[in-house]
Every structure is written in C-alpha cells, then in structure tokens.
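Presented below is the structure to which this report refers.
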Amino acid sequence: MSSAAITRTSIEPEWILPSRGRVGMFSLIAAEAAIFTIFVVAYIFYMGKSLSGPMPKDVLELPIFNTVCLLSSSLTIHLAVRALRNAKVGAFGLWWFVTIALGTTFLVGTGREWQRLISEKGLTVSTNLFGTTYYSLVGLHAFHVTVGLIALAIGMIFTVLGKVKPEHSERADIFSLYWHFVDAVWIVVFTVVYIIGR
Amino acid sequence: MASETLALDAIDHRARPIGDRLHDWVVTVDHKKLGILYIIYGIVFLIIGGIEAAIIRIQLIVPHNHFVSPEVFNRMFTMHGTTMIFFVVMPILFGFGTYLIPLMIGARDMAFPRLNAFSFWLTAFGGLLLYYSFIGGNGLYGAGNAPDVGWFAYAPLTARAFSPGHSTDFWTLGLLVSGFGSIGTGVNFITTILCMRCPGMTLGKMPLLAWLNLIVGGMVIFAISPLTAAQIMLSIDRYLGGHFFDTQAGGSAVLWMHFFWIFGHPEVYILVVPAFAFVSEIVPVFSRKPIFGYPVMVAATVCIGFISFSVWAHHMFTVGMSSSGNTFFTVTTMIIAVPTGIKIFNWIGTMWGGKIQFSTPMLFCTAFLFQFLIAGLTGIMLGASPFNWQLGNSYFVIAHFHYVIVGGIVFAIFGAFYYWFPKMTGRMYSETLAKWHFWLFLIGFHLTFDFMHIPGILGMPRRIYTYEPGRGWEIWNLIVTIGVFFQALGILVFVFNLLRSLAKGEPAGSDPWDAWTLEWSTTSPPPEYNFAKIPVVRSRRPLWDIKHPEDPDWKYE
C-alpha cells in the first residue's frame, strides 16, 4: 500500500477513534443487561403466581444496609479512579480497598439473608415459584458482584505489589463501568423484588 | 498494486515440522487463522448435519418406512436443526466476519485477539459437548442418548419427567457455552469495526460487509443473551428443582416459547444479514458497478435490526394469543418485509446496466436473489395469522424456512466461499467443478424444497416419523428425498474442489477479481500483519482510486 494516491495528506483531519476498552465494555454491559432483563421479566411475570407459601410479604425484609453499602461502593470506585488519574496511587489503593470492603459486606449480607430464608423460613429454590425466581435473580446479581470482587482483588494485589501506575487509570476506569452497571442492576432488583414484589 | 505490497519477512512457514504448525493453529490469536478454523469447523458439522438430514429424508421416502426407529428419528431432527443453526451457519458466518472485517477496514487484527480465540474455542467445545450426548446422554437411566426434544425444546418436553438422562442437559450446555462464544464475537465485531478503522474510513466509507456485521454484532448481543438466560433457567429447573417452566407448580410453558423466540427470530436475521453482506460485496464486483443505494442499504439493515426484535411471536400464532397479539405480530412481520424488499431492489439496481460476469460467486448470488425473494413471499404468507393457523407446523413451514436458510443463506455462503477462496489460500479453484457444484446443488435444492411446500399444503405435519399411504403425500416425499441426493453430490463436488484446489490450484495473485475493497490490496494469503503499511482511504472503493487516479471515486462521494 505504498501508492501515492492513498498516503495521508494534509487535508485529512486528525484520525481519532473511540477507545476499544470502552466500546467493548459497553457492548458487554448491553449483553448483560439483556440477560438481566429476561430474569426480571420472569420475576415480574411470576409475581403472585406461587401455588404455595411462603410468600414474599411473609419472609422478605428490606436490605437497606446492604443497599447502602453497594451503592456507596460506586462512589468509592469513582474516587479511586479519579485519584489514579491524578497520579495519587496511595489514595487509589485506599479507595479501591474500601470498594472491596463494601462489596464484600454486600455479599456477606446476601449470604446471611439466604441463610435466614433457607434455615428459618424454609424457602429454597425448589419450594415454589417465588423461591425459584427470587434465588435466580438475586443469585445472578450476586454472581456478578462476585466476579467484580475477584477483578477488584486482582487489582488490589497489583496495587500492593506496586505495579499500578497512573497510566493504568484508563483500565481502572473501564472496569469501574462494570461495577457501576452491577450497582445499577441492584437498583432494579431492589425495586422489583423488595418494593413492587413485596 | 500487488507487486508494490511490502513483505516484511521471508521465512518459509511450510518448512517447519507438522507438529509445530498444528500447534500454531491451536494457540493462534490471528484473526485469519481463527476465521479459517471457524469455517473448517462449520464445514465438518455441515457434513454431519447433512447426514442427519439425509437419514430423516430416507425415513420419509415411502409410507410406513422402517429405516430408523421413531426414537432415532426424533434425535435426528433435533440434532439436524441444532447443528445446522448453531454449529454450521453461525460458525461459518462468524468465520468469514472474523477473517474479512480487519482486512476490509485496514486493520492488523480484531480489537481483542485473545477474546476472538476464546470465542472460537467456546463455540468448538459447545459443539463437541452437544455431540458427546451420543455417548454420555444415557446417564444412569438408560434413557436414550442424543437430545430428542426438537431444536426449540418446548416445555414440558424438557422437564425431568419427560426427558430423563442427560440428553437435554447436553443440548442446554452446548448452546449455553457456544452462546457465550457468540456474545464474545458480537462484542469483538462491534469494537473492531468502531475502533480499528484505518485513517479516512469514516462510517460512511466502510465496505457494506463491515456495516452489516456491525449490525449483526449488535443483534448477537441482544438476541443470544435471552437464549443464555433461558438456558440458565432450564438448567435451574432440571438440576435444582426450580419451577420456571413447570406447569404443575404454576410455571408457564408459554414463557419458554416467548424466551426462545425472542432469541429465535432475531437469530434468523443474525444469519441472513451476513449473507446480505456477502451479496453486497460480490454483486457490485461482478456487475462492474458500485453498489446502488449504499446509504439506503445501511438504513434498511438498521431497520431490520430493530424490527427483528418485535416479530418473535409470529412463531406462536398456533399456540393461541389474544387478537391484539395476533394483529401486532402480523403487522410487524409485514413491516419487516419492507426493508428486506428494499435490499433486493438495491442488488437488482446494481446489476442493472452492468457488465455482468457470471463467474461462480455471481451465479450463487443470482440464485440467492430469486430464492430469497420466494422465501420472503412465503414468509409473508405465514406471517398472516389466519393463514398461519392453517399451515403452522406443517411441511409448508419447513419448506419456507429451508428456502430462507438454504436457498438464501447457504447459497450466499457458497458464493462467498468461491469469491474469497483465492484470497484465503492464494490459489484459484476449478471453475468447471464449481459450476458442477452450482448446478447440482441448484437442481437438488429446487427438487427438495419447491416440492416440499405441497405436502405441507396437503396437511402433512412436521416431525412425523412416518405416514399413511393414500393421502397424496407419497410422490412429493419421493421427489423431495431424490433432491437430497443431488444436494449431497453437489457438496461432495464442493469439498473435492476445495481440497484439490488447495493442493493444485493456479496461483491466484492478490486481486483476481479486479475488486475494490482493501483485502485485495494485500497478498493472497495475507501476511500475518495484513498490511505492511496501514492504508489510508478516501472513498468506499479505495482500490478503484488507486487503479484509476484520473477518475477517483472520492471526487463524487
């Protein structure tokens, strides 16, 4: 391709394309959103159609503390990314760690809720339609939190080893998109399961 | 042009031991090798799926036949459908996309080469998992081997009570795994096309193949995901005792249908839009004219992408819906015919007044145009819900969608094979053998699928194991089965031609068709880095600009 006709000429404006990481992550998020949509539709479709108890209004409690933890982790990861962009690696590590702590708290909270539902209330995935749809939807979300926590932990290991540099802020930023998405899904799950469905 | 291409290294890869070369293919992240792997994988499964189809047709050749048992017959139509959709057409289309997109947009690889390899191997192992059911499907129950629930696996057939053993689980897992691969490919297509274009290639100057695959990428993301979700639910039902599709516990069998077809109908367009892309690249080159109505073509495809998500329940007219549901899905089905019809006019407009050369790729594309038109017309017939109540689940439906998939998509794929074979291998195929393939396959196709409409109209339901004599179905079934042998012969000629040309074909040179898109500017086969120097383009036909500096396209676009 060395022909003169297609060499870059001065009339061409500078050639700028969107960031690969961002486009890729947004595409992945779109696919994930479609998966969650189907689970949410199934949950709404089966609301109140269980043939036997326990029913949501009898056993579900509002997970306020959990929700506050997860939603504030969106803020902390944002602060972490901003710190890294400003070359403050120490602050980055701190906020990153807080994000992990908040995410883990959420996951432990979900585990305790499930433990209570299973052993005290006798609700399992095979008890009734509510059990099936509830554990599937909340479980799918918890699975996504777990994957996010694994990725966060790997980032934390690199931070502790001193491998994280300000030029990695773009990557941290792209990962934070995933984390924000997981939080946004929780708002939907919370609304559908704990407010409308109760 | 060809002589000016820079070659950076002169290492002869062929001199290395065979073990090393195979190892290269397994660990490769090169989009060209992965594309070829996808295509070879698809051809292997094409032959397997074709054998299954032949078994079905031999069983139906005469009434009261006992070629296979009813159980085997159920497995054959299930495996045939699943194989052809997920492990033949999709891998071949993804293979061409993976191979061609970076070359056509002037990039050195896909945006995420390792994700690309990961997606291929997920698809490959998904297919192996499905076929492992022949060995492992029995489980401890002695309950039959391969899946036998039909390719859309309606509940409650898939419930534990009606499908003991593991056969349905292999079906679920195979599609789940390959579905993750497809989503990865969708993400990769979108990112590559948006973020890897060479300087000057604005969205309006992209080859149509890139544009159409961008839309396919979007559709894959939104259509495969519902299938993935539904398969997870089915696994929860089968393994954890869930009740999603368990009617005895208040679950709904119809919900599965909705979830399956909200995937299933866009899937048809995921398969056909890349076929449109091939035709849109091949027809202009062999008509010696630029594509007619480029922006309309793009707009029509975007329309198809959107509308395809609102037509799914036309697969469910016979299930019973409200009259507003019937009306809505009838209307949307009629509407989606409009952008599809626009495309047919665009291709005819491209051919109109051109100096048409009927080489094999063009022959296949011409046949595609006629056959896809007929397939679309029977589609409109079936889209009208009252008509559908008469002929739903009959052989008329089978004839219709095979007209789409074989007469449309597979013909376009064969056109693409012959068109890009010189680029992928550096050798020309035998034109004589290719013409034999075309005519044998064309005759076989029309014998099989033209005449398949008639027993459908006469009331022959799909998926029946055998039938009574005296209903007027015998002669049609006989003709349909005879057509299969012509098709099989055509495929044999095709595979023989591929292998023979690979070994002994004439050297193709970098641009055997005097074409205009960037993949023809590099050597055949292209070097690993594709382009020694990243090209800069100023129009939709960069090679035309180089070949005709006195009258370049960018003066007019």
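The values are calculated or read from the model by the stated rules, or taken from the named source; none is laboratory data. Bear in mind the structure is a predicted one, so any value in this text is a computation, not a measurement. In this analysis, Cβ positions are derived from the backbone assuming ideal geometry, glycine residues included, and neighbour counts consider all displayed protein chains.
Worth a mention:
- Across the range B:468-488, a minimum of one residue is classified as surrounded by 14 or more Cβ atoms within 10 Å (Cβ to Cβ), in a loop (DSSP other than H, G, I, E, B) and more than 14 Å from chain A (Cβ to nearest Cβ).
- Selection of the range B:202-241 for residues being surrounded by fewer than 23 Cβ atoms within 10 Å (Cβ to Cβ), away from chain A (no Cβ under 11 Å) and of a type outside the set (A, V, I, L, M, F, W, C) yields B:Gly204, B:Lys205, B:Arg238.
- Some residue of the range A:83-90 being among the aliphatic types (A, V, I, L, M), out of contact with any Gly (no Cβ under 9 Å at 6 or more places or on another chain), surrounded by fewer than 20 Cβ atoms within 10 Å (Cβ to Cβ) and more than 18 Å from A:Ala151 (Cβ to Cβ): yes
- Some residue of the range B:322-339 being within 23 Å of B:Val285 (Cβ to Cβ), of a type in the set (S, T, N, Q) and not in a helix (DSSP H, G or I): no
- Count of residues meeting criterion [surrounded by fewer than 23 Cβ atoms within 10 Å (Cβ to Cβ) and either under 18 Å from the mean Cα position of the chain (by Cα) or away from chain A (no Cβ under 11 Å) (or both)] in the range B:242-264: 4
- Answer from A:Lys121, A:Lys49 - the residue that is within 14 Å of chain B (Cβ to nearest Cβ), in contact (Cβ under 8 Å) with a residue 60 or more places away in the chain, within 24 Å of B:Met233 (Cα to Cα) and surrounded by fewer than 20 Cβ atoms within 10 Å (Cβ to Cβ): A:Lys49
- Taking the numbered list (1) modelled with pLDDT of 95 or more; (2) of a type outside the set (Asp, Glu); (3) assigned to a loop (DSSP other than H, G, I, E, B) in turn, A:Val147 passes all entries but (3).
- Subset tally (residues that are surrounded by fewer than 21 Cβ atoms within 10 Å (Cβ to Cβ) and more than 7 Å from every other protein chain (Cβ to nearest Cβ)) for the range A:124-136: 1
- A:Pro54 away from chain B (no Cβ under 12 Å) and part of a loop (DSSP other than H, G, I, E, B): yes
Okay, residues lined up against (1) within 14 Å of another protein chain (Cβ to nearest Cβ); (2) in contact (Cβ under 8 Å) with a residue 60 or more places away in the chain; (3) surrounded by fewer than 21 Cβ atoms within 10 Å (Cβ to Cβ):
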residue	(1), (2), (3)
B:Ala503	no, no, yes
B:Glu519	yes, yes, no
B:Thr522	yes, yes, no
B:Glu550	yes, no, yes
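- Filter pass, A:Pro63 being buried (at least 20 other Cβ atoms within 10 Å of the Cβ) and either at pLDDT below 95 or more than 8 Å from chain B (Cβ to nearest Cβ) (or both): yes
- Selection count, the range B:363-375, where residues are surrounded by 23 or more Cβ atoms within 10 Å (Cβ to Cβ) and closer than 16 Å to B:Leu440 by Cα: 4
- Residues located in the range B:195-253, provided they are of a type in the set (S, T, N, Q) and more than 21 Å from A:Gly48 (Cα to Cα): B:Thr202, B:Asn213, B:Ser225, B:Thr228, B:Gln231, B:Ser235
- Criterion: in contact with an Asp or Glu (Cβ under 6 Å, 6 or more places away or on another chain), among the small types (Gly, Ala, Ser) and modelled with pLDDT of 95 or more - qualifying residue of A:Ser74, A:Ser27: A:Ser74
- When B:Leu6, B:Leu34 are screened for being surrounded by fewer than 19 Cβ atoms within 10 Å (Cβ to Cβ) and either outside any helix (DSSP H, G or I) or at pLDDT 95 or above (or both), only B:Leu6 passes.
- A:Val164 being over 16 Å from the mean Cα position of the chain (by Cα), crowded, with 19+ Cβ neighbours inside 10 Å and either at pLDDT below 95 or closer than 24 Å to A:Arg20 by Cα (or both): yes
- Which numbered condition A:His78 fails, given (1) within 27 Å of B:Val187 (Cβ to Cβ); (2) away from chain B (no Cβ under 14 Å); (3) within 20 Å of the chain's Cα centre (by Cα); (4) crowded, with 19+ Cβ neighbours inside 10 Å: (4)
- Residue list for the range A:115-136, restricted to those being farther than 25 Å from A:Tyr178 by Cβ, touching a helix residue (DSSP H, G or I) at 6+ places or on another chain (Cβ under 7 Å) and not β-branched (Val, Ile, Thr): A:Leu117, A:Lys121, A:Leu123, A:Ser126, A:Asn128, A:Leu129, A:Phe130
- Flag for B:Ala367 being within 25 Å of B:Phe152 (Cα to Cα) and either part of a helix (DSSP H, G or I) or within 23 Å of the chain's Cα centre (by Cα) (or both): no
- For B:Trp151, the conditions (1) surrounded by fewer than 21 Cβ atoms within 10 Å (Cβ to Cβ); (2) touching a Cys at 6+ places or on another chain (Cβ under 6 Å) are fulfilled apart from (2).
- Pair list, Cβ < 9 Å and 6+ apart or interchain, from the range B:482-499 residues that are without any contact (Cβ under 8 Å) to a residue 24 or more places away in the chain and farther than 12 Å from B:Ala53 by Cα to residues that are of a type outside the set (A, V, I, L, M) and crowded, with 19+ Cβ neighbours inside 10 Å: B:Leu492/B:His437
- Tally of residues being farther than 17 Å from B:Met196 by Cα, of a type in the set (Lys, Arg) and in contact with a helix residue (DSSP H, G or I) (Cβ under 9 Å, 6 or more places away or on another chain) across the range B:498-546: 2
- Against the test of being within 14 Å of another protein chain (Cβ to nearest Cβ) and assigned to a loop (DSSP other than H, G, I, E, B), the options B:Pro147, B:Pro156, B:Pro199 yield a single qualifying residue, B:Pro199.
- Answer from A:Gly139, A:Gly109, A:Gly90 - the residue that is of a type outside the set (Phe, Trp, Tyr), within 29 Å of A:Gly197 (Cβ to Cβ), more than 14 Å from chain B (Cβ to nearest Cβ) and in contact with a helix residue (DSSP H, G or I) (Cβ under 9 Å, 6 or more places away or on another chain): A:Gly109
- Any chance B:Gly251 is at pLDDT below 95 and touching a Gly at 6+ places or on another chain (Cβ under 8 Å): no
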